[in-house]
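The values are calculated or read from the model by the stated rules, or taken from the named source; none is laboratory data. Values in this document were obtained by computation on a predicted structure and should not be read as measured data. Methodologically, a virtual Cβ is constructed for each residue, glycine included, from the backbone with ideal geometry; neighbour enumeration extends over all protein chains shown. Quick note on the areas: whole protein, heavy atoms, side chains included, nothing else; ligands and nucleic acids left out. Shrake-Rupley method; radii C 1.70, N 1.55, O 1.52, S 1.80 Å.
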Amino acid sequence: LSGKTWGDANGIPVLGLHGWTDNAGTFDRLAPLLPKSLYFVAIDLPGHGISSHHPEGLLPSLVDIVLMIKRLVTFHFKWTKFSIMGHSMGAYGGILYSSLFPND
């Protein structure tokens with residue numbers, strides 16, 4: 001996965017998820033306007049931007065996005081609480097994640 005960050009790495013974590021035909025750059029104009037107390041991380045979902053594509057023959061799904069979010073926040077960032085900001089596909093993935101992991 002690739003991504004971009006804005007703000008203080010020790011700030012309140014917010015994960016930005018882009019839409020179907022987009023990438024992390026969708027937040028380039030918005031993220032600098034957010035409060036500096038946030039740590040905003042926008043990722044290129046698999047197959048988008050400069051993140052790796054899915055292996056040939058594997059169809060991407062919203063379940064893949066949910067599992068990717070879980071791995072990213074649990075093992076890489078080690079966040080116990082965070083917010084999600086998303087649109088289009090990112091919003092769908094965020095809603096599904098929040099439904100399956102309401103305590104995160």
What's the angle, to the nearest 10 degrees (0 to 90), between helix 89-100's Cα axis and the longest principal axis of the chain?
80
Once ligands and nucleic acids are excluded and a 1.4 Å probe is used, how much of Ser61 is accessible, expressed in Å² to the nearest 10?
50
Leu38 long-range amide H proximity, modeled H, under 5 Å
Asp8, Ile12
Percent antiparallel among DSSP beta bridges confined to the chain, nearest 5, equals 40
Residues whose built amide H sits under 5 Å from the amide H of Gly86, excluding neighbours closer than 5 in sequence, are Leu17
Among Gly93, Gly47, Gly57, the residue with the largest mean-square fluctuation in a Gaussian network model of the chain built from Cα contacts under 10 Å is Gly57
On a 0 to 90° scale, report how tilted helix 62-71 is relative to the longest principal axis of the chain, with both axes built from alpha carbons and the result rounded to the nearest 10.
50
Build a GNM of the chain with springs between Cα atoms under 10 Å: which of Phe40, Phe82, Phe27 gets the top mean-square fluctuation?
Phe82
From largest accessible area down, sort Tyr92, Tyr39, Tyr97; use a 1.4 Å probe on the protein chains.
Tyr92, Tyr39, Tyr97
Using DSSP to call loops (not H, G, I, E or B), can you name the trypsin sites (Lys or Arg not before Pro) in the range 40-104 whose Cβ has at most 10 other Cβ atoms within 10 angstrom?
Lys78, Lys81
Along each of its three principal axes, how wide is the spread of alpha-carbon positions in the chain, in whole angstrom units, largest first?
42, 30, 22
